[in-house]
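Report on one structure; see the data block that follows.
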Amino acid sequence: MIAVIGGAGYIGSHTIVYLIQQGKEVVVFDNLSTGHREFVPNHIPFIEGDLANKEDLVRLFTGYLQIHTVIHFAAFAYVSESVEQPSKYYQNNVVNTIKLLDTMLSYDVKKLFFPQHVQHMGTR
Ligand SMILES: NC(=O)c1ccc[n+]([C@@H]2O[C@H](COP(=O)([O-])OP(=O)(O)OC[C@H]3O[C@@H](n4cnc5c(N)ncnc54)[C@H](O)[C@@H]3O)[C@@H](O)[C@H]2O)c1
C-alpha cells in the first residue's frame, strides 16, 4: 500500500487517480489546510491528520501496517508567502517532514518519493 501524504491537494489528488489506475492500493493523509476532501474519491481510505501531530502519524501507520511506500506532497507551496513567512514554511516543509521520516523509520517504511520542496523552505 502507498501512503500519499498531502493527497487531497493539487498534485497529490492527480497522483492518487494515476496510482488507482495502475492498480495500486492507496491511503491518503491530509490535514485539509489547502486540500479538499472531495478531491479524494470516496472509496480511497482517508486519514484527516496533521504531520505536526505524532498521534495522527501513528494513526496512519498503525492503521495501515501494509504501507511500504510514502509519496510526500504535504507542504506549503506559495513562493512569495515563503519569503514573507519563512518560519511558517520551515516548520511545515522541513520540521514536519522530519517527523514523517522519523515515524516511517519506526514502522520500517523506507521507500519515499519526494517532490522538489527546496524552493519553498523560506530562504531568501
Ligand atoms: N503545484 C506545482 O506546480 C508544483 C510544482 C513543483 C513542486 N510542487 C510541490 O509539490 C507539493 C504539493 O504541491 P501542490 O501544488 O499539490 O500543493 P497543495 O497545497 O495543493 O497540496 C498540499 C497538500 O498538503 C496538505 N498539507 C499541508 N501541510 C500539511 C500537514 N502539515 N499535514 C498534512 N497535510 C498537509 C494540504 O492540505 C494539501 O492538501 C509541494 O511540496 C510543492 O512545493 C508543486
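Could you list, in sequence order, all residues of the stretch 4-53 that are under 11 Å from Phe73 (Cα atoms), out of contact with any helix residue (DSSP H, G or I) (no Cβ under 9 Å at 6 or more places or on another chain) and polar (S, T, N, Q)?
Of everything in the stretch 4-53, just one residue is under 11 Å from Phe73 (Cα atoms), out of contact with any helix residue (DSSP H, G or I) (no Cβ under 9 Å at 6 or more places or on another chain) and polar (S, T, N, Q), namely Thr15.
Which of the residues belonging to the stretch 31-53 are near the ligand (Cβ under 6 Å from one of its atoms) and in contact with a Ser or Thr (Cβ under 9 Å, 6 or more places away or on another chain)? Break it down stepwise before answering.
To start, the set of residues in the stretch 31-53 that are near the ligand (Cβ under 6 Å from one of its atoms) comprises 31-35, 50-52.
Residues satisfying the conditions are Gly35, Asp50, Leu51.
Do any helices (runs of 4 or more DSSP H) entirely within the stretch 1-106 hold 1 or more residues that are touching a residue at least 60 places away in the same chain (Cβ under 8 Å) and either small (Gly, Ala, Ser) or surrounded by fewer than 18 Cβ atoms within 10 Å (Cβ to Cβ) (or both), and if so, which? Before you say what the answer is, go through the steps one by one.
Working: elements: 10-21, 54-63, 79-84, 86-89, 96-106.
Where helices (runs of 4 or more DSSP H) fall fully within the stretch 1-106 and carry at least 1 residues being touching a residue at least 60 places away in the same chain (Cβ under 8 Å) and either small (Gly, Ala, Ser) or surrounded by fewer than 18 Cβ atoms within 10 Å (Cβ to Cβ) (or both), they are 10-21.
Every number in this text was worked out from the coordinates using simple rules, so none of it is lab data. Since the model is a prediction, treat every value here as computed from it, not as a measurement. Positions of Cβ are backbone-derived with ideal geometry, glycine not excepted, and every protein chain shown enters the neighbour counts.
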